Amino acid sequence: MAEHPAYPVGLRLTGRRVVVLGGGQVAQRRLPALIAAGADIFLVSPEVTPSVEAMADAGEITWHQRPYQEGDLADAWYALIATGDTEANTRASAEAERNRVWCVRSDDADEATAWTPATGHSEGVTVAVLTTDARGRDPRHTAAIRDAVVEGLRDGTLVAPHHRTRTPGVALVGGGPGDPDLITVRGRRLLAEADVVIADRLGPRDLLAELPPHVEVIDAAKIPYGRFMAQEAINNALIEHAKQGKSVVRLKGGDPYVFGRGMEELQALAEVGIPCTVVPGISSSISVPSAAGIPVTHRGVAHEFTVVSGHVAPDDERSLVDWPSLARLTGTLVILMGVDKIGKIAETLVAHGKPADTPVALVQEGTTAAQRRVDATLATVAETVRTEDVKPPAVIVIGEVVKVGPTVGAPRK
């Protein structure tokens, strides 16, 4: 048998009996996939791991708390033999052979009639990698190949073109705080499949260079009609390209719904019946402080954090922020888009009771190679911004958590 390669096949196990002998680590790793396949799982083992016991308690498997007995493989379609008793494994394997039940044996692959491939999943596709013969079986090599293929499909570096007609539409993709490695797996995959990308200035720009030549990249900052009409123009561009049957990605910085006007774009698309997928992104309000060594919460220091927009000053009639209430909070205050208004913000917080010596950190170009951190207090932050020439984009963190890190002002690594 070792002279011939294994024949790969996908088993449809929904509602069909699968017998698992043994309740240890091997069973624990294999059971989730069998459960996901809809198999009727009959597990036999005197003892099981806590995770396997939880599966039984949840009704996902049927556990018979005893050793293997002759006849356990009756009516089975597939069997996984993974006990610590070699003699029992041999007897069970023989029963499987007599009953023509395909059988995986964890302790002796040469005596098995089936092998479990290294599997992975990516958006409706299962990747299964199988060693061609028993003589050269190398599970680590097989797993490494599996991981490389799945990672490539997920992050878009391995592009498999769709040959069936794709449903046109728009994906609002949160690109994260700037570092291209911090976009989500799904976001990167959709980006790799796009026909048109409408990108924000604060999105992960490095990813645009990886797009195929046929992809049209539109800079949202340069869409015409002026500042006041910019959002309406972006909405129109999304609608126009989607109506042409194209797959459109709206690549945004951070998360689409955290000061990203994502809902406005979704509503505009919904009004004309264009399907839209929203892919959450890592918000700069949490990730940028983290990259600069600042936890937004810390035991015994801050039990909450509040994220607000600083794009309008506290005394501006358009402001929706309750600054007096924020001044009374003891937790962390994170301000986005507030560099040019920080002087007025600090003044207002102090006027409503926040101590003037409250620590402040400004993290410019967070998570990118240009990241830098500047520290101050509420009393000094306005002058510090001027003298240190702090420019947007920068995340401002106010609170005692600024002093928690081991090295204040540590450079990005």
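Bear in mind that the values in this text are calculations on the coordinates, not laboratory data. Keep in mind that this is a model prediction, so the values were computed, not measured. All Cβ positions, glycine included, derive from the backbone under ideal geometry; neighbour counts span all protein chains shown.
Annotations
- Residue pairs, from the table Lys246/Lys391; Lys246/Lys341; Lys344/Lys403; Lys243/Lys341; Lys243/Lys391, whose Cα atoms sit over 32 Å apart: Lys246/Lys391; Lys246/Lys341; Lys243/Lys341; Lys243/Lys391
- The phi torsions of the range 14-26, fed into the Karplus equation with coefficients 6.51, -1.76 and 1.60 and a -60° offset, translate into couplings of 4, x, 9, 6, 10, 9, 10, 9, x, x, x, 5, 4 Hz, rounded to whole numbers, with Gly and Pro shown as x.
- Residue (of Ala237, Pro280, Ser309) at the positive-pole extreme of the chain, dipole from beta-carbon charges: Ala237
- Ratio Rg/Rh, restricted to the chain and using Cα atoms, in which Rh is the Kirkwood radius: 1.11
- Using distinct alpha-carbon pairs, which all enter the 1/r mean, Kirkwood radius of the range 285-403 in Å: 14.0 Å
- Calculated translational diffusion coefficient of the range 17-116 (37 °C, 0.692 mPa s; Stokes-Einstein with Kirkwood radius over alpha-carbon pairs) equals 251 µm²/s.
- Placing unit charges on the Cβ atoms only, positive for Lys and Arg and negative for Asp and Glu, gives the range 169-279 a dipole magnitude near 40 debye about its Cα centre.
- Overall, the chain carries a charge dipole of about 640 debye about its Cα centre when +1 sits on the Cβ of Lys and Arg and -1 on the Cβ of Asp and Glu, all other atoms neutral.
- Our summary gives the chain a relative contact order of 10 percent, counting only alpha carbon pairs under 8 angstrom and 6 or more residues apart.
- Calculated mean residue ellipticity, 222 nm, the chain: -8000 deg cm²/dmol, from DSSP H runs (n ≥ 4) at -39500 (n - 2.57) each, averaged per residue and rounded to 500.
- Within the chain, the longest run free of chymotrypsin sites (Phe, Trp or Tyr not before Pro) that sit in a DSSP loop with at most 12 other Cβ atoms within 10 Å is 1-224.
- Prolate/oblate/rounded label for the range 169-279 (Cα gyration tensor, a/c 1.5): rounded
- Close amide H contacts of Ile218 (hydrogens built in the peptide plane, cut-off under 5 Å, sequence separation of 5 or more or a different chain): Val197, Ile198, Ala199.
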